[in-house]
Amino acid sequence: MATPTTTISVIVPESPFAPESLTQVKHCLAALDVAKLMEWWPGTPHVPHRNPDKVRAIQRSLDWKRVAKIAAYLLQQEIRDTPEKLDQYFRSVYEPRKFEKGREWPPKVPNVTGYERSQYPMFSNVLLHVNGANVTPTNKQRGTGTANLSFNEKSRDLNFSVIDGQHRVNGAFFALQLLREVRGKTVTWEIPAEIFLDLDAAGAPPKHQAQIFIDVNFYQKKVDRSLVADLFPTARSRDAIDDIERAQDIGRRLMLETGPLVGMIQIPGINFGTPDVVSLATLNSAIEDAIPHLLSAGITSLAEQTEFLAICIEAWLDATGRKEHVDDGESLDPDNVAYQGRVLVSFLSLIPACIWKVQTSEAIFGSAQSKSLLTKWLRDVINRAGLLHGSQFLSKSQFKAKGYLGSGGLARFRDSLWAASLARNSIAKRGDESKAALAIANQKKIAEALSR
C-alpha cells in the first residue's frame, strides 16, 4: 500500500541575513488549514499558571481567556458559555493529560467573552517548526522559488511545533468550530504560516526555536499606543460607534486642527509634538471619560464636543498663567507642568464641573463668554487649591514637593482640584483625607445638579 502523502504549495524566500550555520535550513511560507494543523500539531495541555512540568519544547502555558478573545475577534461577536464551548472543542486535545502534575481541565474563564471591533479581522503569520517533511522546488524565478511541502501525516517521524502563535492557532481553531455550528462542517479556513524545517534536529534541544521566540516576543518592542491612536479615525469610513472611537476622533482634531494643543500633543516614536506635553493616547483616555457628561449636557456633535473641550483646555492654560506658544523644534520651560499628561488628565476630570459652571451662568457652550467665565473660575479653583506661586501655577519642583509626583500623586492632585471646585475658601492646608472627602462630596453635588 502506498504511503499517504500530504502536499502543500509553498513559497521559499531567500534571505541574505541568515547566518552561515543555518543556510541549509529550509524555510517556506504557506497557508495551512487550521483544522488540519490542530491534527498535525497536537499540542500539550496548558493552563495560565507557569510550571516547568507543563512545558514541552518551547511551548508556553496557554492563557485560555486570550484564546477565547482571539476567537471572538475573528467572529466579530461575543462568545457565550465560553468554558463549555472550550471544553467541547478542545477536550480531545487537552483533557487526556489533565491528571499530570500542574495540569488542569477544563480551563477557568469568564462565561461571556467580548471582542474588539474590526472591519477586516485577521492576524499575522504564525511561526512553525517541522521535522519529517520535505520541500521540493517547482520553479525558480527572481530569487524566490515556489515549491511543494510534502509529508506523511501518519509518520512517527513527523513533528509539528509552534514557535510563535499558540494562542492564534488555538483561537483560530476555536473560531472555526463555532462558525461551523452556523454554516456547517464544510467551512474551512487557512491561516498564514512561516515554516522552518529541521531548524533543530528531531529529539534535540530546541535551542534555535527558543531563540526565535525570544527575538520575536522580547527583543521586538510593541509600539507605543499613541503611535496608532491617530490612525483609528483614518482607518474608518464611518462615524464613531462608541465613546472610544469618538474620543479618538476628538483627540485627533485637538492634535491637528482645534485648540491650544495643536502641534504639541506627543506621539512618541516619531518625534511628533512637544517634549513634556501630554501624549495622544493619554489625552484620548481622558476624553473618553468626559464624553458621557458632554452628551448629557446636549453637546452631541463631534464639532461641538471638540470645540468645548478646546475651550476648557485653553481656559485651564490661561488660568495657570503658564500658557506657552511653542514653535517647531522648541521645548516647554522645564518648570512648566501645566501641559503634562498627569496634570491635563486631572483637569479634564473636572469637565462635569466646567459644564455645571457654564450652565448655571446661562452662558452658551462654545462661546467666548464661556471661555472667559471658565478662565476666571479655574483661576479661583487653582488659587483655593494652593497651586499658585505668585501669579503662576507651581513649578515642577514645587509641584513635586507637594506630593503630586510619584506614588499616589495623581489622585492627590485630582482631589485638590475637586475639593477646591465648590469651596469658598482655601483648602490648601487640609490633609489628604479631608481633601479626598470634600472632593467626593463636590463630585456628588455637581452630578446631582447636572441630573436636574
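The residue pairs whose first member lies in the range 338-357 and is without any contact (Cβ under 8 Å) to a residue 24 or more places away in the chain, whose second member is part of a helix (DSSP H, G or I) and not charged (D, E, K, R), and whose beta carbons are closer than 7 Å, counting only pairs six or more residues apart or on different chains, are K357/L373; K357/L374; K357/W377. The set of residues from the range 261-287 being in a loop (DSSP other than H, G, I, E, B) and surrounded by 19 or more Cβ atoms within 10 Å (Cβ to Cβ) comprises L261, M264, I265, G273, T274, V277, V278.
Take S237 and tell me if it is of a type in the set (S, T, Y), farther than 30 Å from A18 by Cβ, modelled with pLDDT under 95 and under 17 Å from the mean Cα position of the chain (by Cα). It is false that S237 is of a type in the set (S, T, Y), farther than 30 Å from A18 by Cβ, modelled with pLDDT under 95 and under 17 Å from the mean Cα position of the chain (by Cα). Does K435 satisfy the criteria of being open to solvent by 80 Å² or more (accessible area, probe 1.4 Å), farther than 17 Å from C312 by Cβ, at pLDDT 90 or above and part of a helix (DSSP H, G or I)? So K435 fails the test. Which members of the range 181-236 meet the condition of being among the β-branched types (V, I, T) and more than 24 Å from K26 (Cβ to Cβ)? Scanning the range 181-236 gives V182, T186, V187, T188, V223, V228, T234. Checking each residue in the range 358-371 for being in a helix (DSSP H, G or I) and without any contact (Cβ under 8 Å) to a residue 40 or more places away in the chain picks out V358, A368, Q369.
Residues that are surrounded by 13 or more Cβ atoms within 10 Å (Cβ to Cβ) and without any contact (Cβ under 8 Å) to a residue 40 or more places away in the chain within the range 217-235 comprise V228, F232, P233, listed in sequence order. Within the range 17-48, restricting attention to residues that are assigned to a helix (DSSP H, G or I) and open to solvent by less than 70 Å² (accessible area, probe 1.4 Å), the residue that is modelled with the lowest pLDDT is L22. Tell me whether the range 204-216 contains one or more residues that are open to solvent by 20 Å² or more (accessible area, probe 1.4 Å), touching a helix residue (DSSP H, G or I) at 6+ places or on another chain (Cβ under 8 Å) and part of a loop (DSSP other than H, G, I, E, B). Scanning the range 204-216 turns up no residue that is open to solvent by 20 Å² or more (accessible area, probe 1.4 Å), touching a helix residue (DSSP H, G or I) at 6+ places or on another chain (Cβ under 8 Å) and part of a loop (DSSP other than H, G, I, E, B).
Within the range 288-306, the residues that satisfy the criterion of being without any contact (Cβ under 8 Å) to a residue 60 or more places away in the chain and surrounded by 18 or more Cβ atoms within 10 Å (Cβ to Cβ) are E288, I291, Q305, T306. Scanning the range 375-391 for residues that are buried (at least 16 other Cβ atoms within 10 Å of the Cβ), more than 10 Å from L417 (Cα to Cα) and out of contact with any Leu (no Cβ under 8 Å at 6 or more places or on another chain) gives T375, W377, R379.
Does D249 count as open to solvent by less than 40 Å² (accessible area, probe 1.4 Å) and modelled with pLDDT of 90 or more? Judged against the criteria, D249 is a match.
Regarding S395, is this residue among the hydroxyl-bearing types (S, T, Y) and exposed (fewer than 15 other Cβ atoms within 10 Å of the Cβ)? No, not satisfied. Filtered by the rule that a residue be within 15 Å of the chain's Cα centre (by Cα) and part of a helix (DSSP H, G or I), the range 217-234 gives S226, L227, V228, A229, L231, F232. Do we have any residue at all in the range 307-318 that's modelled with pLDDT under 95, of a type in the set (A, V, I, L, M, F, W, C) and open to solvent by 10 Å² or more (accessible area, probe 1.4 Å)? No, the range 307-318 contains no residue that is modelled with pLDDT under 95, of a type in the set (A, V, I, L, M, F, W, C) and open to solvent by 10 Å² or more (accessible area, probe 1.4 Å). Scanning the range 375-409 for residues that are among the aliphatic types (A, V, I, L, M) and farther than 14 Å from S346 by Cα yields L388, L394, A401. Restricting attention to the range 149-183, the residues that are surrounded by fewer than 15 Cβ atoms within 10 Å (Cβ to Cβ) and assigned to a strand (DSSP E or B) add up to 1.
Counting only residues that are within 34 Å of the chain's Cα centre (by Cα) and either polar (S, T, N, Q) or closer than 22 Å to G298 by Cα (or both), the range 335-373 holds 15 of them. Beta carbons closer than 8 Å, at least 6 apart along the sequence or on distinct chains, pair a first residue in the range 93-120 that is modelled with pLDDT under 85 and open to solvent by less than 60 Å² (accessible area, probe 1.4 Å) with a second that is of a type in the set (S, T, Y) and not in a loop (DSSP other than H, G, I, E, B) for W105/Y94.
Using the structure shown, decide if I440 is open to solvent by 60 Å² or more (accessible area, probe 1.4 Å) and either in contact (Cβ under 8 Å) with a residue 24 or more places away in the chain or more than 22 Å from L309 (Cα to Cα) (or both). It is true that I440 is open to solvent by 60 Å² or more (accessible area, probe 1.4 Å) and either in contact (Cβ under 8 Å) with a residue 24 or more places away in the chain or more than 22 Å from L309 (Cα to Cα) (or both). Residue check: T136 meets all listed conditions (1) open to solvent by 10 Å² or more (accessible area, probe 1.4 Å); (2) in contact (Cβ under 8 Å) with a residue 24 or more places away in the chain but one, namely (2). Out of all the residues in the range 175-186, is one or more within 28 Å of the chain's Cα centre (by Cα) and over 30 Å from D81 (Cα atoms)? No; the residues of the range 175-186 include none that is within 28 Å of the chain's Cα centre (by Cα) and over 30 Å from D81 (Cα atoms).
The values are calculated or read from the model by the stated rules, or taken from the named source; none is laboratory data. Just so you know, these numbers come straight off a predicted model, no measurement behind them. All Cβ positions, glycine included, derive from the backbone under ideal geometry; neighbour counts span all protein chains shown. Side chains are part of the model used for accessible areas, which takes the heavy atoms of the whole protein and leaves out ligands, DNA and RNA. Shrake-Rupley method; radii C 1.70, N 1.55, O 1.52, S 1.80 Å.
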